[in-house]
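Here, each number is a calculation from the coordinates, and none is a lab measurement. None of these values were measured; they are calculated from a predicted model. Here the Cβ positions follow ideal geometry from the backbone for every residue, glycine too, while neighbour counts run over all protein chains shown.
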Amino acid sequence: MGDKKKRKITTEEIRDITNKLDKIIKYYKEKYGEDKSRRDWRTYEQRRTLRMKQAGRELKNLIERAAENIEIAKDNNRGRKPKLTAKDKALIILIKEIFDLSNRELADMIFIFSLMAGVDVSYKTIERAYDDELVKLSLHNLFVLMVKEKIIDDVELAGDGTGYSLSIKKQYADIEDEGKQRKDFVYYFALLDLRTNLYVGYGYSKRSERDAFDKAMKIMSKLGINVKSVRLDRYYSSNAVVKEYFDDKDVKLYLIPKKNASVKGCKKWKEVMHGFADDVYGFLREYFKRNKVESMFSFDKRKFSSRLRVRKDERIATSLLARTVLHNLFWFYG
């Protein structure tokens, strides 16, 4: 016997469902929503503490492994040998991001330890570490190392965007605004593996969340991960996005159609529309697994702050890479 032929769906049917979607979702959440009051918070906190201790013990070893494949071309520079290696600087940046310290605050902390360890580091050294290509390469290798050791085939992903604030002092002379700070904002997008809670793709942008999404997809693609399913919010629910990234892939997509959605589009887009129309509640059950990404963002911001203590673009990139690494480090031993 041949495969059962799919029934034909229409644009009118899709739009009829999306117009009733608020009521459908309300009913779904009442019937199937998670009861967080039943969570064993004591056990949850104990697991979190154990993971942090394990992560702290293994961090230096992981950085050593991440730096193993970095080869430095020799040159004829005869300058003074730096006090800190790239691995040392990478570790300093991670510590700085964990405790949400300014460069001066971390330098003061290191100075206290230097009385015992014999190492003195200025805040300028910490500031320049964010621009160091070897430091950035070490952090990126650490991200890749953790993902490749933990992630297996048939990964189920959820993606979402968030934002981080930048406190930037005004550089122009204005008597009334002197001493005030201007709030800037950067978009951050992450692709989360639902099984391990590791980010497998990340990106940031000052322009738009879509730009951050494109960068996250590019990084994930380079890792060669075999993706089984993906959940994205309505902003990415379009034939254009599906055609660009998923049309030729054997992947299941869970995207809630917009109210003006049409069934017209590429093969994968039509597949999404069929899945949505044929079993709305089953589709929502998969789609709402995306909420886990929001929980991870909330956790990250409580742990590492919702602001970045850097201003230049290159340093913003390094700061967010460090936070991505720290997030994965925490869940690496989960």
Within a Cβ distance under 9 Å of Glu314, other residues only, what is the Lys/Arg minus Asp/Glu net charge? +1
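Where nothing but the Cβ of Lys and Arg (+1) and of Asp and Glu (-1) is charged, how large is the charge dipole of the range 190-334 around its Cα centre, in debye to the nearest 20?
540
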Counting Lys and Arg as +1 and Asp and Glu as -1, what is the net charge of the other residues whose Cβ lies under 9 Å from the Cβ of Thr18? +3
Could you give the dipole magnitude of the range 194-260 about its Cα centre, charging the beta-carbon of Lys and Arg +1 and that of Asp and Glu -1, in debye to the nearest 20? 180
Return Phe185, Phe213, Phe99 ranked ascending by Cβ neighbour count within 10 Å, so the fewest neighbours appear first. Phe185, Phe99, Phe213
Within the under-15-Å Cβ sphere about Glu244, not counting Glu244, Lys/Arg +1 and Asp/Glu -1 give a net charge of +3
Given the pairs Lys148/Lys292; Lys150/Lys222; Lys8/Lys267, which span a C-alpha to C-alpha distance of over 18 angstrom in this model? Lys148/Lys292
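If packing is taken as the average number of other Cβ atoms within 10 Å across a peptide's residues, how do 215-226, 236-247 rank, most packed first?
By packing density, highest mean first, the sequence is 236-247, 215-226.
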